[in-house]
Amino acid sequence: MEKNQAYVEIKGIPFVKINNQQLLHDHLYPGIEAKKKLFVVTANPEIVMAAEEDEDYKQILQKADYVIADGIGVVLGSKLIRQPLPERIAGYDLMYQLLEKANHDGLRCYFLGAKQDVLNKAMANIKIKFPNLVIAGSHHGYFDINDASVAQDVKKTDPDLVFVGLGFPNQEKWIHEHSNQFSQGLFMGVGGSFDGLAGYVKRAPKSWQKLNIEWLYRLIKQPSRWKRMLQLPRFIWHILRRK
Ligand code: UDP
């Protein structure tokens, strides 16, 4: 975490106390332009609870440059400890905003993760929506994350932005494990966002997003996620217990 950036610590994870526009305009865009190496984590309650049970993962998240509150549960948690975070920043929206920036500036992007057919569809949609962005390369997400050759291939493409959609915790572990090979670039774990870019998974309608019930929409659309979502009440319970 950048030393001069205010943050709120929730169960050992330092969330940046910042809104979406400040994050982009005061931090990420200037960082990209200055060719810094940046590690961005978008963490929801599931990720915080996973870090609670995996000390290595927790330490990786603590070393990230920016941990962003992706999930209304995290914002609620910050209010419960009376250190409110300004807003939720959805990982998908942040990725989309960075793709717009890449399109505007003709930046080189690498896409790592998802199944090959999903990735192909996502790349085809990106070419249409962001014609000025350079697809430096892409690789499906079904490989051994300790295999250094994938990272070497990514490096050869000299990317400005690397989106890693392997799901947590592997995406953050991959970034941490291989980031020493890179001297620049913004690295960000994006979960299932390539499925969204491919059009296979739909975002909740804006009205649901505004009401902060996007999680309910995902649960209705993908009921198999219910077990994962139990982490949300568990997360809130953990915070209340410590108060
Ligand atoms: N995935 C992958 N390699 C794996 C396991 C998963 O590339 O070994 C991809 C999967 O295809 C999906 C994403 O990682 O695109 C995980 O999506 P999920 O919805 O679980 O992530 P979330 O957005 O909830 O973090």
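Which is the longest stretch in the chain that no exposed loop site breaks, taking sites as GluC sites (Glu not before Pro) with a DSSP loop state and at most 16 other Cβ atoms within 10 Å? List each step's numbers first, then the result.
Details: sites that count: E2, E87.
Counting at most 16 other Cβ atoms within 10 Å as exposed, the longest clean stretch of the chain is 88-243.
I'd like the per residue volume of the convex hull spanned by the Cα atoms of the stretch 140-243, given in cubic angstrom.
Hull volume normalised by residue count: 167 Å³.
Return the subset of K127/K202; K79/K210; K36/K101; K36/K202; K58/K156 for which the Cα-Cα distance in this structure is over 27 Å, preserving the input order.
The answer is K36/K202; K58/K156.
Counting other Cβ atoms within 10 Å, keep those with at most 16, restrict to DSSP loop, and tell me which trypsin sites (Lys or Arg not before Pro) in the stretch 34-121 are left.
Passing sites in the stretch 34-121 are K35, K36, R82, K115.
Rounded if a/c is under 1.5, else prolate if a/b is larger than b/c, else oblate: which is the stretch 7-238, with a ≥ b ≥ c the root eigenvalues of its Cα gyration tensor?
Here the stretch 7-238 falls in the rounded category.
Could you give each residue of the stretch 120-127 its phi-based ³J(HN,Hα) in whole Hz, using Karplus coefficients 6.51, -1.76, 1.60 with θ = phi - 60°, and x for Gly or Pro?
In residue order, the calculated couplings are 4, 5, 4, 5, 4, 5, 5, 4 Hz.
Rule-based calculations on the coordinates, nothing more; no lab input. Remember, it's a predicted structure, so these values are computed and weren't measured experimentally. Ideal geometry is used to build each Cβ from the backbone, glycine not excepted, and the neighbour counts take in all protein chains shown.
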